[in-house]
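Taking it in order: structure first as structure tokens, then the write-up.
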């Protein structure tokens, strides 16, 4: 008879040292909160004072502060913390969300035969990975999870792990609300983009601002850029700089600022969702826009190209290329009915691949399977009759 585990019996440590509240930090918070709400014991290691730390505090998730970073001092601090928590908390599983942190955790768990190590990957491992002694700690990983099949193929081709240890899970989002009343009014076209509340620079928005005036001239009608953030713009650290740039470029009639606290339905009816250049190869915000029926223009990565199904759901552009960004935006505006029709036909399959319920069910089944495998492995090593 197959063994069964209860989630309430498990102590899981979630490690996300990303100070930026991006797709990985949002995934780490959702994983920890969902696991805690289903009865498990969740511990979250994150940078103190970060958006992830503040949001986890609101949800009453136990946290252990640790400064993020990729230098040896930060990795050594993570190694010591992991060893401490293994001894004090009786950890059953560790879930990591950065490659550099994975190295320290792999070293800390080398002699812990009962504790599985899970890694959620959403970074370019070709740039981050280095061989030699890295292989010694990376091979300690029991399971790698990715947001898209293309990312899973890249991981399997880079990391020294078997293909069975790599799986694609989707981004795990709740169903977006559609059918709301869109922002703005009057004629013209409306382009929406998202700027997180913890953004520290406006560099990635400059290509979009530079293309905005040319869009209006080429489209023959006013094009308004709707900037969306997850907090009040009056409290946003970049609002003064953005306001100065808008006035300096004479774009005050082509810019609008909206908080994401407005219901998701307000995004419906926008003509294009444009994602600024990002270091993340995949983003849950972009999937949410597609599920709301908005054609998208995304920075070009293999995972995003796969998501757009050969250009049926939107287009991609080279990061920082103002000319290509403007040309692709004009193409979407001219072919918008065609894109909207394609978005409607793939909605069901795309939602099935990225919905939160399926993601969580697969994640917890993975936890159970790995813990039981590690337990059997540890018992076999201790048995004097094991071959």
Open item on the list: Of the conditions (1) at pLDDT 85 or above; (2) closer than 22 Å to residue 309 by Cα; (3) out of contact with any strand residue (DSSP E or B) (no Cβ under 6 Å at 6 or more places or on another chain), residue 175 satisfies every one except a single condition; which number is it?
Closed with: (1)
Open item on the list: Criterion first (more than 18 Å from residue 274 (Cβ to Cβ), in contact (Cβ under 8 Å) with a residue 24 or more places away in the chain and not assigned by TED's automatic domain parsing to the domain that holds residue 28) does residue 302 satisfy it?
Closed with: yes
- [ ] Give just the number: which of (1) assigned to a loop (DSSP other than H, G, I, E, B); (2) over 27 Å from residue 365 (Cβ atoms) does residue 80 not satisfy?
- [x] (1)
Task: Checklist (1) over 25 Å from residue 153 (Cβ atoms); (2) not in a loop (DSSP other than H, G, I, E, B) applied to residue 60, failing item - done: (2)
TODO: Find the residue count for the stretch 213-223, including only residues that are within 21 Å of residue 324 (Cβ to Cβ), surrounded by fewer than 22 Cβ atoms within 10 Å (Cβ to Cβ) and in contact (Cβ under 8 Å) with a residue 24 or more places away in the chain.
DONE: 5
Open item on the list: Name the single residue that is nearest to residue 154 (Cα to Cα) among those in the stretch 101-115 being surrounded by fewer than 19 Cβ atoms within 10 Å (Cβ to Cβ) and touching a helix residue (DSSP H, G or I) at 6+ places or on another chain (Cβ under 9 Å).
Closed with: 110
Task: Flag if residue 29 is over 28 Å from residue 133 (Cα atoms) and within 22 Å of the chain's Cα centre (by Cα) - done: yes
Open item on the list: For the stretch 312-322, give me the residue count where each residue is free of Cβ contacts under 8 Å to residues at least 40 places away in the same chain and more than 22 Å from the chain's Cα centre (by Cα).
Closed with: 1
- [ ] Please find, within the stretch 132-146, the residue that is farthest from residue 10 (Cα to Cα) out of those that are crowded, with 17+ Cβ neighbours inside 10 Å and out of contact with any strand residue (DSSP E or B) (no Cβ under 7 Å at 6 or more places or on another chain).
- [x] 134
TODO: Look through 129, 97, 119 and report the one residue that is surrounded by fewer than 17 Cβ atoms within 10 Å (Cβ to Cβ), assigned by TED's automatic domain parsing to the domain that holds residue 168 and under 21 Å from residue 281 (Cα atoms).
DONE: 129
Open item on the list: Would you confirm whether or not the stretch 281-298 contains a residue that is touching a residue at least 40 places away in the same chain (Cβ under 8 Å) and out of contact with any helix residue (DSSP H, G or I) (no Cβ under 8 Å at 6 or more places or on another chain)?
Closed with: no
Open item on the list: Would you confirm, using the coordinates I've provided, whether residue 353 is under 25 Å from the mean Cα position of the chain (by Cα), more than 24 Å from residue 154 (Cβ to Cβ) and surrounded by 15 or more Cβ atoms within 10 Å (Cβ to Cβ)?
Closed with: no
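This table checks each residue for (1) assigned to a strand (DSSP E or B); (2) buried (at least 18 other Cβ atoms within 10 Å of the Cβ); (3) at pLDDT below 95; (4) not assigned by TED's automatic domain parsing to the domain that holds residue 92.
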{"site": "14", "(1), (2), (3), (4)": "yes, yes, no, no"}
{"site": "19", "(1), (2), (3), (4)": "no, yes, yes, no"}
{"site": "27", "(1), (2), (3), (4)": "no, yes, no, no"}
{"site": "45", "(1), (2), (3), (4)": "yes, yes, no, no"}
{"site": "54", "(1), (2), (3), (4)": "no, no, yes, no"}
TODO: Considering every residue within the stretch 73-80, establish whether at least one is in contact with a strand residue (DSSP E or B) (Cβ under 6 Å, 6 or more places away or on another chain) and either at pLDDT 95 or above or on the phi < 0 side of the Ramachandran plot (or both).
DONE: no
- [ ] Residues that are out of contact with any strand residue (DSSP E or B) (no Cβ under 7 Å at 6 or more places or on another chain) and farther than 25 Å from residue 356 by Cα: find the helices (runs of 4 or more DSSP H) completely inside the stretch 225-310 holding 2 or more of those.
- [x] 239-249
Open item on the list: Just to check your reading of the model, which residue among 329, 378, 386, 348 is at pLDDT below 95, closer than 20 Å to residue 289 by Cβ and either out of contact with any helix residue (DSSP H, G or I) (no Cβ under 7 Å at 6 or more places or on another chain) or surrounded by fewer than 18 Cβ atoms within 10 Å (Cβ to Cβ) (or both)?
Closed with: 348
Task: Hits in the stretch 196-212 (condition: under 16 Å from residue 317 (Cβ atoms), touching a helix residue (DSSP H, G or I) at 6+ places or on another chain (Cβ under 8 Å) and in contact (Cβ under 8 Å) with a residue 60 or more places away in the chain) - done: 205, 207, 208, 210, 211
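The values are calculated or read from the model by the stated rules, or taken from the named source; none is laboratory data. Everything numeric here is computed off the predicted structure, so don't read it as measured data. Every residue, glycine among them, receives a Cβ derived from its backbone with ideal geometry; neighbour counts consider all protein chains shown.
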